[in-house]
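K.L.:
Questions regarding the structure given below will be posed in turn.
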Amino acid sequence: AAKSAAALPNGCIGMACDVADESAVADAVGAVVERLGGLDILVNNAGAGRAPLDPNVARVSGGGKVENMPAESWDEQLSQNLRTTFVTTKAAIPHLRARGGGAILNIASIAGLGAAPTLPAYAAAKAGVISLTKTLAIDLAPNDIRVNAICPGFLWTRAWQGMVEGMRMTVPELKDRDPRAIFLDVVKRGVPLGREQTPEDIGHLVAFLASDVAHNITGQAIAVDGGITLK
């Protein structure tokens, strides 16, 4: 984080914080406000999810069928993906209100828009993020604080790389194939527009929704998925 902040324009701060820890988040938000003079935009981007190699077996990652999932795995996924959004937003609201308005962007997932048999905990957490987004949009509207969710589709991230490696280990005909090529095949079959989504796609929408141009958009869950959720 410090390295990234150093490469960005003046005023950036990089710090470590457990965003599921209420006290740590309050300290971090307070440090940002003290350093920069206020808070106008919050982006809740923390989260984790990974499908297991065998959908019948649940690991600590939160994947697997419900009947085989330890409660600890369920709790971990909800903490990583839903509690983090709640805790950070709670800490930010008074500072956004003090500025006379602002924007909150919650990074959810297309998994939260439908059924996800191999990722039930992750999907439930992201559905919770979407529901919380709508509740906050109504609750904070009198303060001119807009709240929206973004639901990414298929992005070539470390999580997807892990899933592809799992496919190579469990599907014999894939074991010698390039992981990136496997991912692009999944994209070709599953994305109506036929192309992968990128972190830049998500970043562009975050920048738009955080700007004054989007001053009448709130309570929305927007899929950036090339049409996946339309199928």
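The values are calculated or read from the model by the stated rules, or taken from the named source; none is laboratory data. What you see is a predicted model, and the numbers here were worked out from it, not measured in a lab. Here Cβ is always computed from backbone atoms with ideal geometry, including for glycine, and neighbour counts include all displayed protein chains. Just the protein is used for accessible areas: all its heavy atoms, side chains included, with ligands, DNA and RNA removed. Shrake-Rupley method; radii C 1.70, N 1.55, O 1.52, S 1.80 Å.
K.L.:
Tell me, what is the per residue accessible area of the chain in Å², probe radius 1.4 Å?
P.N.:
54
K.L.:
I've got another one for you. Test of understanding: what is the full-extension gain from Glu173 to His204, defined as 0.36 nm times their sequence separation minus their Cα-Cα distance?
P.N.:
Extending this stretch completely gives an extra 7.4 nm.
K.L.:
Taking only Cα atoms, what is the 0 to 90° angle, nearest 10, from helix 84-98's long axis to the longest principal axis of the chain?
P.N.:
Computed tilt is about 20 degrees.
K.L.:
Roughly how tilted is helix 158-170, in degrees to the nearest 10 and between 0 and 90, from the longest Cα axis of the chain?
P.N.:
Helix 158-170 sits roughly 10 degrees off the main axis of the chain.
K.L.:
Report the charge-dipole magnitude of the chain in Debye, nearest 20, computed about the Cα centre from +1 at each Lys and Arg Cβ and -1 at each Asp and Glu Cβ. Walk me through the numbers on the way to the answer.
P.N.:
Values: 21 positive and 23 negative charges, 82 e Å.
So the dipole magnitude of the chain works out to roughly 400 debye.
K.L.:
Convex hull volume of the Cα atoms in the chain, per residue, in Å³?
P.N.:
On the way: hull volume 32.0 nm³, N = 231.
Looking at the chain, the number lands at 139 Å³ per residue.
K.L.:
Cross-chain or 8 or more residues apart, Cα under 20 Å: how many lysine pairs in the chain fit that? Count them up, please. Present the calculation step by step, with values, prior to reporting the outcome.
P.N.:
Values: Lys65/Lys126; Lys90/Lys126; Lys90/Lys134; Lys126/Lys134; Lys126/Lys231; Lys175/Lys188; Lys188/Lys231.
Number of lysine pairs found: 7.
K.L.:
Of Ile150, Thr85, Gly190, whose Cα points farthest to the positive end of the dipole of the chain (charges on the beta-carbon: +1 Lys, Arg; -1 Asp, Glu; origin at the Cα centre)?
P.N.:
About the Cα centre, the residue reaching furthest to the positive side is Gly190.
K.L.:
What distance in nm lies between label points placed 7 Å from Cα along the C-beta direction at Ile217 and Arg195?
P.N.:
1.9
K.L.:
Give me the net charge of Val25's neighbourhood, meaning all other residues with Cβ under 14 Å from the Cβ of Val25; Lys, Arg count +1, Asp, Glu -1.
P.N.:
-2
K.L.:
Same structure again: Working from Cα positions, state the angle (0 to 90°, nearest 10) between the long axis of helix 22-36 and the longest principal axis of the chain.
P.N.:
Here the helix axis deviates by roughly 60 degrees.
K.L.:
Work out how much length Val186 to Ala48 would gain on full extension: take 0.36 nm times their residue separation and subtract the Cα-Cα distance, in nm to one decimal. The partial results should precede the final answer.
P.N.:
Working: separation 138, 0.36 × 138 = 49.68 nm, distance 2.05 nm.
Full extension from Val186 to Ala48 adds 47.6 nm.
K.L.:
Whole angstrom only: what separates the Cα centroid of segment 200-226 from the Cα centroid of segment 95-143?
P.N.:
13
K.L.:
Could I get the Rg over Rh figure for segment 94-202? Both from C-alpha atoms, Rh via Kirkwood, rounded to two places. All intermediate terms of the calculation are to be shown ahead of the outcome.
P.N.:
Details: Rg = 18.0 Å, Rh = 16.2 Å.
Ratio of gyration radius to Kirkwood radius: 1.11.
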